[in-house]
Structure formats: C-alpha cells, structure tokens
Amino acid sequence: MPFTLPSLPFENEALAPFISAETLAFHHAKHHQAYVTNLNKLLEGKPEADKPLEEIILTHEGPVFNNAAQVWNHTFYWLGLKPACPLPGGGLAAAIARDFGGFDGLKQELSAAATTQFGSGWAWLVSDGNKLSVMKTANADLPMKHGLSALFTIDVWEHAYYIDYRNDRAQYVTKILDNLINWEFISRNFANASA
Ligand code: MN
C-alpha cells in the first residue's frame, strides 16, 4: 500500500492570522504531498513499501530517509498546532517547571533553537523518558533517529513562513509559541514518552 497524505487536523483558515490559509494550502497540499509522492516513487516495487513509516525512517539514510522523515515531521507538526489551547497542569507542567523553570523558559529555549537553526530544519521539544529538553535538527533529521521522543515541533524551513512573514522567521516562531501550541497533543505525547 502506498503512503497517503493525511488530512490536516483543522480547516485551512483555522490558524489565521498567525498562519494563513494560503500558507497551509501550499505547505500541506504541495510540500507535504511532494514528500509522500517522492517516498512512494522511491519505494515502488520494494519490500520496504509495506513497512511502517517509523521503521523506514530508522533503517534508511539518504533520499528514502529524507522523504520518509519529512512525511512524519509534517504530520507531527500539524498535530502540534491548535489555536487558544489552555496551558496544561499536572505532570507535564511540573516537568516543564523542573526542566525549564516554567512555560516562559520553555518558550525561550524553543525560540532560540528555532531562530538559530542555520538553514532548513526543525525545533523540537523532546523527552528521553525522564527529562525534557529542546533540540534543533537540520533538514529532515528528527528526534527518533537520536533515541528521543518528540513532544512538539516547529517547522523552520522557509516554505513554512515565507508567504506570511517573508524572511522574518523570528516573528513566525513567536506567533506559534504565543498562539498555536497544542498543549493537549503535547500532554498525550508526554504521557506516552513517560510510560
Ligand atoms: Mn515544511
């Protein structure tokens, strides 16, 4: 079975004005779709074509890895975005206080990672099962390749923000951190990573 493009978990207009419908339409239907299409072409007729996406990511390098990881990264990025999501409590809030000194400290670390990633890549909140940390990766690279569980990500490829913010990556990152973090998604990922 070839891989298919998952639907966005919201309408194209849902994240405006922070991420426009035009950006979402291009980013999902063109960029994310292209990674799915390229991956299917690369795997056509090969036994790996029927393997789970995560297994393909963990066992390949080069073009297959790049396209498979970008399919996974984008699906994960969409799920992490939601407008007006209240801050979490419980174990996640306690872990953020322990490892970042609170929500502001976490946002500062994510902002620094996202704005200092040179060229294309991703900023991540991750867990090693005990401790939370922030990391950045280049191009398609992702936490699972380093034995870490992803809780949240920000796409800092130029195609993620150029329509709305031109070259101002910092403004795009600030708008996401202040308005679009899906804490429910992070809480579920935190629970899974801590189990
Ligand atoms: Mn992207």
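Rule-based calculations on the coordinates, nothing more; no lab input. All of these numbers come straight from a predicted model, not from anything done at the bench. Ideal geometry is used to build each Cβ from the backbone, glycine not excepted, and the neighbour counts take in all protein chains shown.
With N denoting the number of residues in the chain, provide Rg(C-alpha) divided by 2.2 N^0.38 Å, to two decimal places. Scaled against compact globular proteins, the figure is 1.00.
With θ taken as phi - 60° and the Karplus curve 6.51 cos²θ - 1.76 cosθ + 1.60 applied, the whole-hertz 3J(HN,Hα) list for the stretch 41-53 is 5, 5, 9, 3, x, 9, x, 4, 4, 9, 7, x, 4 Hz, x standing for glycine and proline. Full extension of the chain between Ser7 and Glu158 gives 52.2 nm of extra length, using 0.36 nm per residue less the Cα-Cα distance. Averaging Cα coordinates gives a centre for the stretch 1-55 and one for the stretch 95-117; these two points are 28 Å apart.
Using the Karplus relation 6.51 cos²θ - 1.76 cosθ + 1.60 with θ = phi - 60°, the per-residue 3J(HN,Hα) values for the stretch 168-184 come to 8, 4, 4, 5, 4, 5, 4, 5, 5, 5, 8, 9, 10, 6, 8, 5, 5 Hz, with x marking Gly and Pro.
Treating cross-link reach as a plain straight distance, find the lysines whose alpha-carbon is under 30 Å from the alpha-carbon of Lys131, omitting any fewer than eight places away in the same chain. Reachable lysines: Lys82, Lys107, Lys145, Lys175.
Taking the beta-carbon count within 10 Å as an exposure proxy, list Thr37, Thr4 from fewest neighbours to most. Can you show the working numbers first?
Details: Thr37 15, Thr4 10.
Ranked by crowding around the Cβ, least crowded first: Thr4, Thr37.
A helix-only calculation puts the chain at -14500 deg cm²/dmol for mean residue ellipticity at 222 nm, using -39500 (n - 2.57) for each DSSP H run of at least four residues, averaged over all residues. Legend: calculated FRET efficiency, Asp50 to Ser133, from the Cβ-Cβ distance at R0 = 35 Å, rounded to 0.05, equals 0.50.
For the stretch 74-86, putting each phi into the Karplus relation 6.51 cos²θ - 1.76 cosθ + 1.60 with θ = phi - 60° gives couplings of 5, 4, 5, 4, 4, 5, x, 10, 7, x, 6, 8, x Hz, in residue order, rounded to whole numbers and with x for Gly and Pro. Placing +1 on the Cβ of every Lys and Arg and -1 on the Cβ of every Asp and Glu, with nothing else charged, gives the chain a dipole about its Cα centre of roughly 160 debye.
The value obtained for the stretch 90-194, namely the Cα convex hull volume divided by the number of residues, is 89 Å³ per residue.
Rounded if a/c is under 1.5, else prolate if a/b is larger than b/c, else oblate: which is the stretch 21-79, with a ≥ b ≥ c the root eigenvalues of its Cα gyration tensor? Prolate, since a/c reaches 1.5 and a/b exceeds b/c. Just check the stretch 85-150 against the gyration tensor rule for me: Cα atoms, a ≥ b ≥ c as the square roots of the eigenvalues, rounded for a/c under 1.5, and otherwise prolate or oblate depending on whether a/b exceeds b/c. Since a/c reaches 1.5 but b/c is at least a/b, the shape of the stretch 85-150 is classed as oblate. Look at the dipole of the chain built from charges on Cβ: of Ala150, Ser133, Leu58, the Cα furthest out on the positive end belongs to Ser133. Each of Met144, Met135 has some number of other Cβ atoms within 10 Å of its Cβ, and from fewest to most they run Met144, Met135.
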